[in-house]
Amino acid sequence: MQLYSPKQVAAAIGVSEASLKRWCDRGLLEVHRTVGGHRRITKQEVLHFVRRSKYDLVAPEILGLSKGRSAHSAGSLPSMDTVMDLLVRGDEQTLRVMMTEYYTSGAPLERLFDDILAPAFHEIGSAWARGDLEVYQERLSGVICMRALVALSNLIRPAPAQAELSLGAGLTEDPYQLANVMVEVLLRERGWHSQTLGTNLPGETLAKAIETRKPRLFWLSVSTIADEARFQRDCALIWAACRATGCWLAIGGRGFTEPVREHIRYTVFCDTLKHLLNFLESHGPPNTRKHTNANPVD
């Protein structure tokens, strides 16, 4: 785990070392102490603070982040065309920089995921189906976006030990991973212990995971349904496990259409990630409610 001194963190966000130390002592940043009693701060904690304050990263390279700027203004929502271009060209570095800048600005991740990434991949899939893109471009887009999301997840402060657990997955013959990873990242940012179990999994094993690990929330991403009868059986098993353990079942995805929903029991249908957050903010534990800015004053 990389740790930084107050002097380094102060330089990274453009404030005095004395101010930074006062914020640490006031509990605005979580600190680790060396054997000699010196304050040390993780990168994730610094970014958590920046994201919820009026301060910016003026020297991100101090924290090992790229100093280069992406083409859009930090914090502004990039256009879908811009993101599509990065994806199909395989420009992973620029995509990572863009996502990091967006995250540290304090902008809501659900907007990036709902309004840009999800529609971009829908359009990429349509373009491949029309023959406008090669299959390697469609696959490469998924690979680099997955890596960028994992890199983004690694910038998020770990949830406290007492935080609620959320699990999610995709069922048999539903291989699409990106939606699950976006949910995982979003919930981690909101303070959950969040983990996707994978895709193309049978209902029996997902029910067993719920019974064994007892999450507060289980999400099911439905991109496609190959066998509707099997899908209904799998969902029934998952619902029974959720009912037995007091777990919420959230289901969403392009494949979870209204005719399909008529035969399935669940806690909440989420057409977007924002819908999921709305549910959690009104029904969930305190750690899922909206954060307020720190805005410390000297």
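Just so you know, all these numbers are worked out from the coordinates, no wet-lab data involved. What you see is a predicted model, and the numbers here were worked out from it, not measured in a lab. For neighbour counting, all protein chains shown are included, and Cβ atoms are generated from backbone atoms with ideal geometry for every residue, glycine included.
Helix 80-89 versus the longest principal axis of the chain: what angle, 0 to 90°, nearest 10, using Cα atoms? Relative to the chain, helix 80-89 is tipped by roughly 90 degrees.
Take every Cα pair under 8 Å in the chain that's 6+ residues apart, average their separations, divide by the length, and report that relative contact order as a whole percent.
On the way: 460 pairs, mean separation 45.1, N = 298.
After rounding, I find 15 percent.
From the square roots a ≥ b ≥ c of the eigenvalues of the alpha-carbon gyration tensor of the stretch 141-243, which class results: rounded (a/c under 1.5), prolate (a/b over b/c), or oblate?
Values: a/c = 3.03, a/b = 1.27, b/c = 2.38.
Judged from the Cα gyration tensor, the stretch 141-243 comes out oblate (a/c at least 1.5, b/c at or above a/b).
By how many degrees, between 0 and 90 and to the nearest 10, does the Cα long axis of helix 273-283 differ from the longest principal axis of the chain? Tilt relative to the chain: about 80 degrees. Longest stretch of the chain clear of exposed loop sites (trypsin sites (Lys or Arg not before Pro), DSSP loop, at most 13 other Cβ atoms within 10 Å, sites excluded): 70-289.
Kirkwood analysis of the stretch 3-62, using all unique Cα-Cα pairs, places the hydrodynamic radius at 11.3 Å. On the basis of the beta-carbon distance and an R0 of 51 Å, K274 and S16 show a calculated FRET efficiency of 0.85. Karplus-based coupling profile of the stretch 209-224, in residue order and whole Hz: 4, 5, 5, 7, 9, 6, x, 7, 9, 10, 10, 10, 9, 10, 8, 8, with θ = phi - 60° in 6.51 cos²θ - 1.76 cosθ + 1.60 and x standing for Gly or Pro.
When you work out D = kT/(6 pi eta Rh) for the stretch 224-281 at 10 °C and 1.306 mPa s, using the Kirkwood radius from C-alpha pairs as Rh and the Stokes-Einstein form, the result is 132 µm²/s. Note on the chain: Cα convex hull, mean projected area over all directions, 16.6 nm². Once backbone amide H atoms are built at 1.01 Å from N, W219 has L167, G168, A169, A250 as its partners under 5 Å, excluding neighbours fewer than 5 places away on the same chain.
Using Cα pairs under 8 angstrom and six or more residues apart, how large is the relative contact order of the stretch 165-288, in percent? Mind dumping the intermediate values first?
Working: 212 pairs, mean separation 32.0, N = 124.
With pairs under 8 Å counted, the relative contact order is 26 percent.
Averaging the sequence gap over all C-alpha pairs within less than 8 Å and six or more residues apart, then dividing by the number of residues, gives the stretch 1-93 a relative contact order of 30 percent. Applied to the stretch 263-269, the Karplus parametrisation 6.51 cos²θ - 1.76 cosθ + 1.60 on θ = phi - 60° returns per-residue 3J(HN,Hα) values of 10, 10, 9, 6, 7, 8, 9 Hz, with x for Gly and Pro.
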